[in-house]
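This report concerns only the one structure given below.
The values are calculated or read from the model by the stated rules, or taken from the named source; none is laboratory data. Here the structure is a predicted model, which means the values were calculated and not measured. So basically every Cβ, Gly included, is an ideal-geometry build from the backbone, and we count neighbours across all protein chains shown. Just the protein is used for accessible areas: all its heavy atoms, side chains included, with ligands, DNA and RNA removed. Shrake-Rupley method; radii C 1.70, N 1.55, O 1.52, S 1.80 Å.
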Amino acid sequence: MTPPDQDVTVFCQTAVDAADSIEFVVTLPTFRRPEHLLKTLKTVISQDPGCPFAIVVMENDANGLEGAEAAKTFFADHRINALVVIAHQRGNCHAYNAGWSMALATYPNLRAIAVIDDDEIAAPDWLDSLVSVQAQTRADLVGGPQLPDFENRARNDRKRHPVFMPHYDTTGPVPILYSSGNVLITRPVLDAMPRPFLDPLFNFIGGGDSDFYRRCREKDFTFAWAAEAWVAETIPARRTEMSWIRARSLRNGAISALLEHRAAPGLAGRARTVAKSLALLAVSPFRGVSLWRSSKLPSAGLYHFYVAWGRLMMEFGFVNEQYRNPEKN
C-alpha cells in the first residue's frame, strides 16, 4: 500500500465502510501537537458530506510519534474510516504528499480530498460547505477561510493584520488560492498533477501550496472560495509578537518573488521580478498609510514594506525558514 514516491509507512488503520465506497478523504498533517490534534479530530469526525468519508492523519515526527499514538487511540474509540501514516522525511510538503498519495492508493473511488491542519477547528458544516460550493461552481479546487483564534485575547486587534486575514470575503469563483490549511482538491487535479504534488524545496520556508496552485492554474484548473467553510486556527501568543509577524511578512515577500522566478525563468524574467520588487518598495509607504487607515492597526502599515524588502532579500538568497525550528514558529 506504500506509494512508490514516498518514504511512508502505515501506522494503523480502521474501517467501517468498504474502501471502494469512500468518496471523500480528509487529510490532516500533524507535528508535535497531539493535544490539539485530538481537538481537530473531534470536529472532523462530526462532518457529514452525505456519503462515506475517511480521515488520513500524516505524522511527520517519525521519532516522537506523539500525534500518531494520539490518533490511533482516538480512532480505536470511534467508528470511523481512518488511516494513520508516518511520513519519515521531515517537512510539511513531505507530509502532504504522503497523505494525498496514500488516500489515492487506499480509496479507489475517491472524488476529492479535503485538507485541515492540526492547529485548526472545523466548522460544523465545513466539509459539506466545501463540497457544496464545488458542486455549485464546478471549480477544481475550493478554499475556505482560516479564522485566527488568538490564545492571547489581548492581541485580537492583530486579526486586522494582512498576515492573519483571509484572502477573500465572498463565496464564488476566485483567480487562485494560497493556503493548503483549508482546501478541497478534486480527483482530476490529483490525477493530472505530477508527483510529488508539493515541491520539497518549500518544506521549511512554506509556499509549497502556493507553488502547487500556480502549477494547477497553468494546467487551466479553476478555483473557488467557500466563505461558509471556515476553520478556526489557534494562534499561539508567540505568533502575535511583532518579530514573528515581521518574519512572516518578509517570508511572504520572498516566496512571491521565488514563485515569479519559477513562472518566468531566465534573465528577462529575473529582471522583471527585480523591477517589480523595487517598484513595490517605492510605493510601500503610500500603500502602508492606506492600509494603516483602513485597518486602524499601525503595525499593518509596515506590511507592504516588509513584503517588498523580503522579495529583494530573496534575490540574494535570504529566505526565512520559519518551519525549520517549530518551537519558534
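Treating only the Cβ of Lys, Arg, Asp and Glu as charged (+1, +1, -1, -1), what charge dipole size does segment 251-297 show about its Cα centre? Round to the nearest 20 debye.
The dipole magnitude comes to about 120 debye.
Note the angle between two axes, namely the Cα long axis of helix 267-295 and the longest principal axis of the Cα atoms of the chain, as a number of degrees from 0 to 90, rounded to the nearest 10.
Value to nearest ten degrees: 90.
Out of the total accessible area of segment 27-164 (probe 1.4 Å, heavy atoms of protein only), what percent is carbon and sulfur?
Result for segment 27-164: 44 percent of the exposed heavy-atom area is carbon or sulfur.
Given a 1.4 Å probe, how much area per residue of segment 178-329 is accessible, in Å²?
Numbers: 7100 Å² over 152 residues.
Value for segment 178-329: 47 Å² per residue.
Output ³J(HN,Hα) for segment 144-159: one whole-Hz value per residue in order, computed from phi by the Karplus curve 6.51 cos²θ - 1.76 cosθ + 1.60 with θ = phi - 60°, and x for Gly and Pro.
Values per residue, Gly and Pro as x: x, x, 10, 8, x, 10, 6, 5, 8, 4, 5, 9, 4, 5, 5, 4 Hz.
The list [x] 19.6, 59; [y] 21.4, 70; [z] 31.3, 116 gives values of Rg and Dmax of the Cα atoms in Å, and only one came from this structure; which label was calculated from it?
For Rg and Dmax of the Cα atoms in Å, the calculated option is [x].
Which stretch or stretches of segment 244-264 have amide N atoms under 19 Å from the point lying 7 Å from L278's Cα along the Cα→Cβ direction?
254, 257-258, 260-261
Comparing A98, A268, A308, which has the greatest mean-square fluctuation in the GNM of the chain with Cα pairs linked when under 10 Å apart?
Result: A268 has the largest fluctuation of those listed.
Could you tell me, in Å, what Rg and Dmax come out for the Cα atoms of segment 226-329?
15.4, 43
How far is the Cα center of segment 275-296 from the Cα center of segment 120-144, in Å?
Centre-to-centre (Cα) distance: 33 Å.
What Kirkwood hydrodynamic radius do you get for segment 98-214 when you take the inverse of the mean 1/r over all pairs of distinct Cα atoms, in Å?
Values: mean 1/r = 0.0638 Å⁻¹.
Evaluated over segment 98-214, this radius sits at 15.7 Å.
How many angstrom lie between the C-alpha centres of segment 307-321 and segment 77-91?
When both Cα centres are located, 35 Å separates them.
Where does helix 92-106 land angle-wise versus the long Cα axis of the chain, in degrees 0 to 90, nearest 10?
It is inclined by approximately 30 degrees.
Could you give each residue of segment 40-54 its phi-based ³J(HN,Hα) in whole Hz, using Karplus coefficients 6.51, -1.76, 1.60 with θ = phi - 60°, and x for Gly or Pro?
Working through the residues one at a time gives 5, 4, 4, 7, 6, 5, 8, 5, 9, x, x, 7, x, 9, 10 Hz.
In deg cm²/dmol and to the nearest 500, what is the mean residue ellipticity at 222 nm of the chain if only DSSP H runs of at least 4 residues count, each as -39500 (n - 2.57), divided by the residue total?
The per-residue figure over the chain is -13000 deg cm²/dmol.
Would you rank F150, F316 by solvent-accessible area, highest first, keeping every protein chain in place and using a 1.4 Å probe?
These residues rank, largest area first, as F316, F150.
Taking the Cβ of P166 as the centre, find all other residues whose Cβ is under 11 Å away and add up their charges (Lys, Arg: +1; Asp, Glu: -1). Please list the in-between numbers first.
On the way: positive: K159; negative: D169, E233.
Within the 11 Å Cβ shell, the charges total -1.
Could you give each residue of segment 211-220 its phi-based ³J(HN,Hα) in whole Hz, using Karplus coefficients 6.51, -1.76, 1.60 with θ = phi - 60°, and x for Gly or Pro?
These are the phi-based 3J(HN,Hα) values: 5, 4, 5, 4, 5, 5, 5, 5, 8, 6 Hz.
Ratio of alpha-carbon Rg to the 2.2 N^0.38 Å globular estimate for segment 41-169, to two decimals, please.
Against the compact-globule rule of thumb, the ratio is 1.16.
Looking at segment 1-85, which trypsin sites (Lys or Arg not before Pro) are DSSP coil and have at most 12 other C-beta atoms within 10 Å of their C-beta?
Passing both the DSSP loop test and the Cβ count: R79.
Using a Gaussian network model on the chain with a 10 Å cutoff between Cα atoms, which of W309, W230, W126 fluctuates the most?
W309
What dipole magnitude, in Debye to the nearest 20, does segment 68-181 give about its Cα centre under +1 on Lys/Arg Cβ and -1 on Asp/Glu Cβ?
Working: 10 positive and 13 negative charges, 35 e Å.
Charge dipole of segment 68-181: 160 debye, to the nearest 20.
Can you give the angle from 0 to 90° between the axis of helix 66-76 and the longest principal axis of the chain, with both taken from C-alpha atoms, to the nearest 10?
Value to nearest ten degrees: 40.
Charges on Cβ only, +1 for Lys and Arg, -1 for Asp and Glu, centred on the Cα centroid of the chain; of V84, A247, G288, which one is farthest towards the dipole's positive end?
G288
Dipole magnitude of the chain about its Cα centre, charges +1 at Lys/Arg Cβ and -1 at Asp/Glu Cβ only, in debye to the nearest 20?
It comes to approximately 1540 debye.
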